Structures are given as structure tokens and as C-alpha cells.
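Scroll down for the structure; my scribbles are underneath it.
The values are calculated or read from the model by the stated rules, or taken from the named source; none is laboratory data. On a predicted model such as this, the values are computed, not experimentally measured, just so you know. Note that each Cβ is placed from the backbone with ideal geometry, even for glycine, and that neighbours are counted across all protein chains shown.
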There are 2 protein chains.
Amino acid sequence: MSSDSKLKFGRKVISVEEARSLLFEYVKHTPIESVPLSSAFGRRLAVDIVADHPVPHFRRSGVDGYAVCSKDIEQATPEAPVVLRVIERIPSGTVPQLTIQSGTAARIMTGAPVPDGADAVVMLEMTDSLQDAGTSSYHVSIKKNVTAASNITPIAGEIGLGDILLEQGTHIGPGEAAILATFGYSNVSVYRQPRVAIFSTGSELLNVAEALQPGRIRNSNSYMLAAQVEAAGGSAVIMQALSDDVEEVEAALQETFPKVDLVLTSGGVSVGDYDVLVDVFGRFEGKLLFNKVAMRPGTPTSAALWNNRLLLALSGNPGASFVGFELFAKPLIKAMAGCRSPYPKAITAQLDVDYDKGSAYPRYVRGTTDVDNNGCLKVKPSGIDKSSIMVSIKDADCLIYLPAGGKGFARDERVIVYPIQ
Amino acid sequence: MSSDSKLKFGRKVISVEEARSLLFEYVKHTPIESVPLSSAFGRRLAVDIVADHPVPHFRRSGVDGYAVCSKDIEQATPEAPVVLRVIERIPSGTVPQLTIQSGTAARIMTGAPVPDGADAVVMLEMTDSLQDAGTSSYHVSIKKNVTAASNITPIAGEIGLGDILLEQGTHIGPGEAAILATFGYSNVSVYRQPRVAIFSTGSELLNVAEALQPGRIRNSNSYMLAAQVEAAGGSAVIMQALSDDVEEVEAALQETFPKVDLVLTSGGVSVGDYDVLVDVFGRFEGKLLFNKVAMRPGTPTSAALWNNRLLLALSGNPGASFVGFELFAKPLIKAMAGCRSPYPKAITAQLDVDYDKGSAYPRYVRGTTDVDNNGCLKVKPSGIDKSSIMVSIKDADCLIYLPAGGKGFARDERVIVYPIQ
């Protein structure tokens, strides 16, 4: 048997977990760059964010009302209100100029700093102003007592100086954006988006803009994979589809490796006469990491290291390509972009249909989840009643993991699913 | 009571559903534009996508092997194989030149067109080639019978001519991208991303790049809302934060309305002396749609129509602003961008903690979901043990709906949650 034949037929099968371990030995973060906060949404932090000031950094009023000495109003009731002299107005964004002493109060707005001397704020609704509130000095009648500290958030009441707010690797969404803005990050250190080159192989492939021809189909995997790359936080570079010519494929790959962080191919990895990636692996100078994974679909999924860059070679079948991306490429891209827990999270769901196909290898079935009226997560294979794999890819929101075994799975059995996020 | 005072204190409360109905009377799709498919991910289709050709458009081989007349090999077994003359090789992407007649076969690759005359394909593994397969004519020994139609996908076996594949309004993800590519959509008609101007109001607000000052805080809501706008499919325009000066605010709003599809403000809608949006509504020439909604947080959430553009005025409190966005602004933006079911989907979950706060109005509590080992969806309020609303916004993946009532809710009660997606 030639070494070529060994690659095709004598492959060593490894588990999905082993395949991931082999790939992850070669994952490096992309370089760090600084981007404006408003362009950082969806990116991942390259640094921890630590509170360099407490929040609030002043004693903050939680309500509109009057800042007072709580002792002054201990006896206040609607029938016997306590009257205080208003010595100042404190809108939000201003700083109190005067100190509250017994017998005085300050009109204060929500979010404004509580003046020295005051230890409580009385809500506006519990007061009556006794003269035109527009004059510089007037009196207020307090109709209810409040205890010390009422309606005041103390300094550091929300966030302490030195608190770790966000860890390196955190995905920047709305809540993270609010924290970054609060702490003055008009620019944010993030990892550059991983650049991912996408090749589809096969002489039958037409460009999307080309008219249909007998025996040929348009290249759809490249666009599917590009959308997956972008959902994973990468930047997709769709390359010209390649023919089944081994020298052409090898040259295109070698030219592309230095320019990107990851190369994805789809097609050309099984055992047909024209499975060109197999032939490239048979002659190339890099390191073949694996070429057979114990999984359905996508058993011939392969990977190699070439000039220190990873090549992940997915099956050409659209469903297998989709699943292989989710299992291997998405975690790689997320990890390169800084994510600390890049693997899909396993959760439990109840199978909502019988699934009577056994398999010698674990299956990763594209699934669609739903929550029933009891709050139970149900799942069924996507497009179970559609004949086209390609059409039903859009309906998948998870992968259903079905362990290897001969008998299939019954409705209501609990299964592991990996949400696609 | 002046009309100003009426706006502040005499507000008419309406339900969340009524508020949405009022807003949605004025929703219009953004204009349609054509963008390259590779830039269309995340956008929404402005047209239905109908199959203008069947898939496959030729009889397609599902395996590598030999195209045969099934009648010829009815008796084939490993012990008594049937020998056929191979008259052609058909790689993917080529068109067969010859017709298979009794006694002949064609070597065919996965995905290639099955030649006329053949009605089945035999897998390579069930055959032996009897001479060097590289020669132009050789014989193959077939060791197993296959029935007619085996391993052939008929024309339209996956997708029929005229099938509706994707409906107008569909979000373009990986599966949709594959369909669009297959049908030649190198450019796609989508709705322009809704432009959303974001104003925060309050004289206490500093720009993110500014150093902290006594009594003042940086503007964080604008960035939180911008991230929410982009997650909803809009294009966020962060405007300079506004002071509490009513003329400044009115002028800024009027200048902005013609340039965008929606204006969001945060702050200035409650009843304090400096709640500037209230004052703007008291004098402005547009139509006030509502200024009090039966919900916590965010009761003073307001909306107006001004020169045919919608203004949604959210509370300034970060938590209320976040919730108000999800309940009102996100559906608006999604609908403008073409989404046909823009409201968050209600699902059932089990409350994982006691929640002992009753409320005169329905509450929409920021929540964090998890799935337990039985596949049950659990939910608890986000940041329940953190004092800062702002810090815990990042932990929310849903809103928990708690109906109005005095007694709160017990652990394990079933509640409605709206996932944030």
C-alpha cells in the first residue's frame, strides 16, 4: 500500500476531544489592538478591568427631595411636621457649597452629591415647600421621619476601589460597555479579530454570480462558513473556490497561510479519486494532526499545521461542514480572540422524537430546541421532515450529542445538547 | 395645576402592550438596499427567496462508485460478481458523454451527474477494478446488487422549482447564506440598518474620555444602549450628552430627527425639577404617545411622535434604561429592519430563588437562566447579591416577567421569561 493509500484508507481515528486537544496546542491569541469603545462591541477584552475609583465616588442621593440631619426630623408626622430652612439647591452634576446644620436642609436631585452634615434624604413626596421654591432661601415642611442613611448611597456603595469588574477575555456586550464607559475607557484593548481564510474545493463549484451549468453547482459552503466565522467573532476572507488540482490547491494554501490566523477548507477530505486535500496531505511538508474523527457527520475531518498555522479541513457535505465548524473552528476562533471558555456549553434536554439511527461513532445532529409550558427544554433534529440538509441548516440552534451505539434513542430520553451561540 | 404639572403628576398609565401598540402604529420599514452576500450576514431579507431551479438540477450521485443498470447486477454476490465494462469516468463538475447500456458502467464521483441509462450507483467499496483504473476502458467487478434508484438523488430531490426557501424579513445567518449562495444571490436585497440616535441627558454627565469630577459621572447609558442597538440590528449614533437645559435638548432633538429612523433618550423623564424631557414634552409640537407605563422599572418611560419620527424616552437609571430598551426599542428596531415577529418570545422557566418584592405594576426583572440536569429551565434575578445595578446588567440573558401583586413569588414557581437575543 502506498503512503497515499494509507492516508485514504489506513487512517487512525481519534475522538472529538483528542482532536480538539491536538488543535489547541497551537492556538495563540491574536495581537492586541486598541479600538474606540463604540467599535468594541462584540470583541473581547485583552486586559482585566479594575475599578480605579469607587462608585459612587461621592455620597449620592437616590431620590429627589431634601437632604437633612435625620435627628431633626425624628418626630415628624403629617400632623406635626418639622420645618427646616432650605439653604441650598443641589442639582445633579453640581457640588454642594454649604454644610447642613441642625435646622437646615438642602433641596437635592436624584444622583446629586449629599452635602456634608446631612445624613439622610427625605423624598419630595413627603414634604411641602412653604414658599416659592424658586427663591434663594425658603422653608420646607417635613411630614415623615426617615432614619439615618436613608436614600443615600455611600461612597463605594456599588463598586469598591480595586474591584475586578471584567476579566481579560470577556465578550463586550451592553452591560460590559456600560462598565467600560463608567471607568473612562474611551478606547479599549481587545484582541484583533482572527482572520480566517475559507476555501471550498471541487471542480464542480461555480462562483455565486455565475449562471448554472450542467453538472455544476454554486459554491455555498464558503458563504455558510463565512457567516459562522463572523458569528464566532472572526473576520472571514472568502477565497476563490479551488479545483481538484493538487498543485493548485497546495500553492493557494501556501500563499494564504502567512496572511491569516486560520485556514478552513471544505471538501476534498474523503476517499474519492479527486479528494484533493487528501492528496495535499500526502505530499505536503507540514504536520498532519489528524485525518479521521470518531463523529458523524464529518468522520474524515482533518487538520494540519503548516508553517505554524492551522489548517482545518472540513467535509464538503454542507451539514458535515456546518457541524465540523461548530465543533472545532468556532472554539479555535473564540480562543484566538481571547475567550477563556471557548468550547460549547453542554446542557441537558429531552428528545422530542424517536431517533432510531444508531451509529458506530458519536453523532452530532443539528437540532432545534423549544421550551414547553413546564419549563422543560425539548429538542429534535432540525429539518427532520425535509430532505435537503442544506435547507434545514438554518433551523439549527444546537447540536444534539448522541453517543455511539446500535439502537438509537427514544422520545423523552435525556440527551446532551450544545447550544449554538 | 399647570399643564406642566399635569405632565409630571397627572400622567395616564397604560400597559406595556398598549404602549407597544401606540409605537407600532408608526413603524415603517427602512428603505431597501442591495448588498453583497458576504456583507449581508445579520441583515434581513427584503424579498422572498424562491427556488428558480430545482436542487439538484441533475440526477446526482450520492457516493463514489459505479453508475450501472440495476437489472445487470440483480444476481451479483461476492462469490459470483458481475463484470461490467467501464466506458467513462465522471468527476464532479463534468457532464457524462455516453449512455450506459446493459453490460456497461461508468466510474462516478460523489456529486457528479449520473449518466443516462444508469438507474443506480454502486459504492466503490462493493467493487473491484479488474485492470488499472487509469486506462481509458477497463472492467469492474460488482460484488453486491443494489436496487433501482440507489445512491441517486433525483432532480428536485432536495428542493423543487418554485419552492419558497426564505421569507421576506428572515434574518440572514449561516444556513440562509448557504441557500442564497446556492441560488446565485451574489447581491441580496435587505432593509437598510435602522439608524438610531442615542442621547443621554443630565448636567452631571461627563464624556467617557473626561477625567472624573466631583459630583459628576461618566455617560455610560449611551454606550450600553449603542451595544443594544447593534445587537438588535440597528446602527447606533451616539450623540453628545445633553445638559438639563430644555431649549438645548429641544434643538438637539429637532436637528436629529430628520437624520435617523429612531431617537432614543435616557434620563429626564421622571418628576424631578430638572427632568428635562418632561419639560420638552410640555412645550413641543409633536404628539405625546404616552408618558407612564405600568411596569417596574421604568414607569415614566415616554414616547412621542415628532415630524413623523419616533422618540422613545427611557429612564436614566441604567437598569430601567436597559429594560425599557429590550421591551420597546428592540422590537421597534427589528420591525424597521424587516422582522415579522419582533417581540421577545415568552417561554416558561422555574424561579430558582424566592422573590419577595411585590409590586403595584408588573415587574420586568433582569434575569439569568440556567438549565439543570433534568433539562429544566431555571431563572433567577441577575446580580441578586450585588449592590450595583450597573455591574449586573452584563449577567442578564432574559427578562423575568412578574405580574403585579402584593406578595412576591416563591422559589420553584413557574414564571414567564423573555430571552434577550
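Please indicate, with yes or no, whether at least one residue in region A:125-148 is within 20 Å of B:Ile217 (Cβ to Cβ) and crowded, with 22+ Cβ neighbours inside 10 Å. Before you say what the answer is, go through the steps one by one.
Start the filter on region A:125-148 by keeping residues that are within 20 Å of B:Ile217 (Cβ to Cβ), which leaves none.
Taking every residue of region A:125-148 in turn, none turns out to be within 20 Å of B:Ile217 (Cβ to Cβ) and crowded, with 22+ Cβ neighbours inside 10 Å.
Quick grid of which residues meet (1) surrounded by fewer than 24 Cβ atoms within 10 Å (Cβ to Cβ); (2) within 9 Å of chain A (Cβ to nearest Cβ); (3) closer than 24 Å to B:Glu210 by Cβ; (4) over 31 Å from the mean Cα position of the chain (by Cα):
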| residue | (1), (2), (3), (4) |
| --- | --- |
| B:Leu225 | no, yes, yes, no |
| B:Val237 | yes, no, yes, no |
| B:Ser243 | yes, yes, yes, yes |
| B:Gln254 | yes, no, no, yes |
| B:Leu264 | no, no, yes, no |
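Pick out the one residue from B:Ala227, B:Ala211, B:Ala252, B:Ala303 that is at negative phi and in contact with an Asp or Glu (Cβ under 9 Å, 6 or more places away or on another chain).
On the way: B:Ala211 fails: in contact with an Asp or Glu (Cβ under 9 Å, 6 or more places away or on another chain); B:Ala252 fails: in contact with an Asp or Glu (Cβ under 9 Å, 6 or more places away or on another chain); B:Ala303 fails: in contact with an Asp or Glu (Cβ under 9 Å, 6 or more places away or on another chain).
So the residue among B:Ala227, B:Ala211, B:Ala252, B:Ala303 that is at negative phi and in contact with an Asp or Glu (Cβ under 9 Å, 6 or more places away or on another chain) is B:Ala227.
Quick check on A:Phe328: is it in contact (Cβ under 8 Å) with a residue 40 or more places away in the chain, in contact with a strand residue (DSSP E or B) (Cβ under 9 Å, 6 or more places away or on another chain), more than 9 Å from chain B (Cβ to nearest Cβ) and assigned to a helix (DSSP H, G or I)?
Details: in contact (Cβ under 8 Å) with a residue 40 or more places away in the chain: yes; in contact with a strand residue (DSSP E or B) (Cβ under 9 Å, 6 or more places away or on another chain): yes; more than 9 Å from chain B (Cβ to nearest Cβ): yes; assigned to a helix (DSSP H, G or I): yes.
Considered against the rule, which asks whether it is in contact (Cβ under 8 Å) with a residue 40 or more places away in the chain, in contact with a strand residue (DSSP E or B) (Cβ under 9 Å, 6 or more places away or on another chain), more than 9 Å from chain B (Cβ to nearest Cβ) and assigned to a helix (DSSP H, G or I), A:Phe328 comes out as yes.
Name the single residue, out of those in region A:163-192 being among the polar types (S, T, N, Q), more than 7 Å from chain B (Cβ to nearest Cβ) and touching a helix residue (DSSP H, G or I) at 6+ places or on another chain (Cβ under 9 Å), that is surrounded by the fewest Cβ atoms within 10 Å (Cβ to Cβ).
For region A:163-192, the residue satisfying everything is A:Asn187.
Which of the residues that make up region B:150-162 are among the aliphatic types (A, V, I, L, M) and within 9 Å of chain A (Cβ to nearest Cβ)? Working first, answer last.
Narrowing region B:150-162 to residues among the aliphatic types (A, V, I, L, M): B:152, B:155-156, B:159, B:161.
Of everything in region B:150-162, just one residue is among the aliphatic types (A, V, I, L, M) and within 9 Å of chain A (Cβ to nearest Cβ), namely B:Ile159.
Could you check region A:112-123 and list, in sequence order, the residues that are within 13 Å of another protein chain (Cβ to nearest Cβ) and in contact with a strand residue (DSSP E or B) (Cβ under 6 Å, 6 or more places away or on another chain)?
Filtering region A:112-123 down to residues within 13 Å of another protein chain (Cβ to nearest Cβ) leaves A:112-116, A:121, A:123.
Hits for region A:112-123 are A:Ala112, A:Val114, A:Pro115, A:Val121, A:Met123.
Among (1) over 30 Å from B:Pro113 (Cβ atoms); (2) assigned to a loop (DSSP other than H, G, I, E, B), there is one condition A:Glu210 misses while meeting the rest; what is its number?
A:Glu210 satisfies every listed condition except (1).
For every residue, the table says whether it meets (1) buried (at least 20 other Cβ atoms within 10 Å of the Cβ); (2) farther than 17 Å from B:Leu23 by Cβ; (3) not hydroxyl-bearing (Ser, Thr, Tyr).
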site	(1), (2), (3)
B:Val293	yes, no, yes
B:Gly316	yes, yes, yes
B:Phe322	yes, yes, yes
B:Asp352	yes, yes, yes
B:Ser359	no, yes, no
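Right, A:Arg43: modelled with pLDDT of 95 or more, under 30 Å from A:Arg363 (Cβ atoms) and either among the acidic types (Asp, Glu) or not assigned by TED's automatic domain parsing to the domain that holds A:Asn145 (or both) or not? Steps first, please.
Numbers: modelled with pLDDT of 95 or more: yes; under 30 Å from A:Arg363 (Cβ atoms): no; either among the acidic types (Asp, Glu) or not assigned by TED's automatic domain parsing to the domain that holds A:Asn145 (or both): yes.
No; evaluated as a whole, the condition is false for this residue.
Give the number of residues within region B:193-204 that are among the hydrophobic types (A, V, I, L, M, F, W, C) and within 11 Å of chain A (Cβ to nearest Cβ). Step through it out loud before you land on a result.
Step one: filter region B:193-204 for residues among the hydrophobic types (A, V, I, L, M, F, W, C), giving B:196-199.
Checking the rest, the ones that are also within 11 Å of chain A (Cβ to nearest Cβ) come to B:198.
Final tally of qualifying residues: 1.
Is it the case that some residue within region B:205-216 is within 7 Å of chain A (Cβ to nearest Cβ), within 21 Å of the chain's Cα centre (by Cα) and surrounded by fewer than 21 Cβ atoms within 10 Å (Cβ to Cβ)?
no
Can you pull out every residue in region B:351-364 that is away from chain A (no Cβ under 14 Å), assigned to a strand (DSSP E or B) and not small (Gly, Ala, Ser)? Explain how you work it out, then say what you get.
Of region B:351-364, the ones away from chain A (no Cβ under 14 Å) are B:353-364.
The next check asks that each one be assigned to a strand (DSSP E or B); those that pass are B:355, B:359, B:363-364.
Within region B:351-364, B:Tyr355, B:Arg363, B:Tyr364 meet the criteria.
Examine region B:22-30 for a residue that is under 30 Å from A:Ala232 (Cα atoms) and touching a residue at least 24 places away in the same chain (Cβ under 8 Å), and state whether such a residue exists. So that I can check it myself, show each step before the final result.
Taking region B:22-30 as the starting set, the residues that turn out to be under 30 Å from A:Ala232 (Cα atoms) are B:29-30.
Of the ones still in play, those that are also touching a residue at least 24 places away in the same chain (Cβ under 8 Å) are B:29-30.
Yes - at least one qualifying residue is present in region B:22-30.
Name the residues in region B:221-251 that are in contact (Cβ under 8 Å) with a residue 60 or more places away in the chain and either assigned to a strand (DSSP E or B) or of a type outside the set (A, V, I, L, M, F, W, C) (or both), would you?
Scanning region B:221-251 gives B:Asn221, B:Gln228, B:Gly233, B:Gly234.
B:Glu255 is checked against (1) touching a residue at least 60 places away in the same chain (Cβ under 8 Å); (2) under 30 Å from B:Arg44 (Cα atoms) and fails just one. What number does that condition carry?
Among (1) touching a residue at least 60 places away in the same chain (Cβ under 8 Å); (2) under 30 Å from B:Arg44 (Cα atoms), B:Glu255 violates only (1).
Any idea which of A:Ala396, A:Ala404, A:Ala360 is under 30 Å from A:His29 (Cβ atoms) and not assigned by TED's automatic domain parsing to the domain that holds A:Ser220?
Details: A:Ala404 fails: under 30 Å from A:His29 (Cβ atoms); A:Ala360 fails: under 30 Å from A:His29 (Cβ atoms).
Unique residue meeting the criteria: A:Ala396.
Which of the residues spanning region B:266-291 are modelled with pLDDT of 85 or more and either within 19 Å of B:Phe322 (Cβ to Cβ) or within 14 Å of chain A (Cβ to nearest Cβ) (or both)?
If the condition is that a residue be modelled with pLDDT of 85 or more and either within 19 Å of B:Phe322 (Cβ to Cβ) or within 14 Å of chain A (Cβ to nearest Cβ) (or both), then B:Ser266, B:Gly267, B:Gly268, B:Val269, B:Val276, B:Leu277, B:Val278, B:Asp279 are the ones that fit.
Of all residues in region A:332-345, which are in a helix (DSSP H, G or I) and within 14 Å of chain B (Cβ to nearest Cβ)? So that I can check it myself, show each step before the final result.
Looking only at region A:332-345, we keep the residues that are in a helix (DSSP H, G or I), and these are A:332-336.
Selection gives A:Ile333 alone.
Any chance you could count how many residues in region A:274-316 are over 26 Å from A:Arg366 (Cβ atoms), among the charged types (D, E, K, R) and in contact with a strand residue (DSSP E or B) (Cβ under 9 Å, 6 or more places away or on another chain)?
Restricting attention to region A:274-316, the residues satisfying the condition of being over 26 Å from A:Arg366 (Cβ atoms) are A:274, A:276, A:279-288, A:304-309.
With the extra rule that they be among the charged types (D, E, K, R), the set shrinks to A:279, A:283, A:285, A:287, A:309.
The next check asks that each one be in contact with a strand residue (DSSP E or B) (Cβ under 9 Å, 6 or more places away or on another chain); those that pass are A:285, A:287, A:309.
Count: 3.
Tell me which of these A:Lys378 doesn't satisfy, since it passes every other one: (1) more than 10 Å from chain B (Cβ to nearest Cβ); (2) surrounded by 15 or more Cβ atoms within 10 Å (Cβ to Cβ); (3) basic (Lys, Arg).
(1)
Could you look through region B:299-313, keep only residues that are under 30 Å from A:Ser92 (Cα atoms) and in contact (Cβ under 8 Å) with a residue 60 or more places away in the chain, and pick out the one that is surrounded by the fewest Cβ atoms within 10 Å (Cβ to Cβ)?
Here the answer is B:Leu305.
Is there a residue being touching a Pro at 6+ places or on another chain (Cβ under 6 Å) and at the interface with another protein chain (Cβ under 9 Å from one of its Cβ atoms) anywhere in region A:399-408? Give the steps one after another, and end with the answer.
Of the residues in region A:399-408, the ones touching a Pro at 6+ places or on another chain (Cβ under 6 Å) are A:403-404.
Filter once more, keeping what is at the interface with another protein chain (Cβ under 9 Å from one of its Cβ atoms): none.
Among the residues of region A:399-408, not one is touching a Pro at 6+ places or on another chain (Cβ under 6 Å) and at the interface with another protein chain (Cβ under 9 Å from one of its Cβ atoms), which makes the answer no.
Hey, among the residues in region B:129-180 that are of a type in the set (S, T, N, Q) and free of Cβ contacts under 8 Å to residues at least 24 places away in the same chain, which one's farthest from B:Pro54 (Cα to Cα)? If you could, list the steps in order and put the result at the bottom.
First, the residues of region B:129-180 that are of a type in the set (S, T, N, Q): B:129, B:131, B:135-137, B:141, B:145, B:147, B:150-151, B:153, B:168, B:170.
Within this subset, residues satisfying the condition of being free of Cβ contacts under 8 Å to residues at least 24 places away in the same chain are B:131, B:135-136.
Values: B:Gln131: 38, B:Thr135: 35, B:Ser136: 33 Å.
My answer is B:Gln131.
Taking the options B:Gly324, B:Gly319, B:Gly367, name whichever one is touching a Pro at 6+ places or on another chain (Cβ under 9 Å), outside the structural domain of B:Val263 (by TED's automatic domain parsing) and closer than 30 Å to B:Lys12 by Cβ.
Every option except B:Gly367 fails the conditions.
Hey, could you check region B:273-289 for residues that are in contact with a Lys or Arg (Cβ under 9 Å, 6 or more places away or on another chain) and not in a helix (DSSP H, G or I) and say which is surrounded by the most Cβ atoms within 10 Å (Cβ to Cβ)?
Per the stated criteria, the residue is B:Asp275.
Report yes if A:Thr348 is closer than 25 Å to A:Ala231 by Cβ, touching a Pro at 6+ places or on another chain (Cβ under 8 Å) and either more than 9 Å from chain B (Cβ to nearest Cβ) or at pLDDT 95 or above (or both), otherwise no.
no
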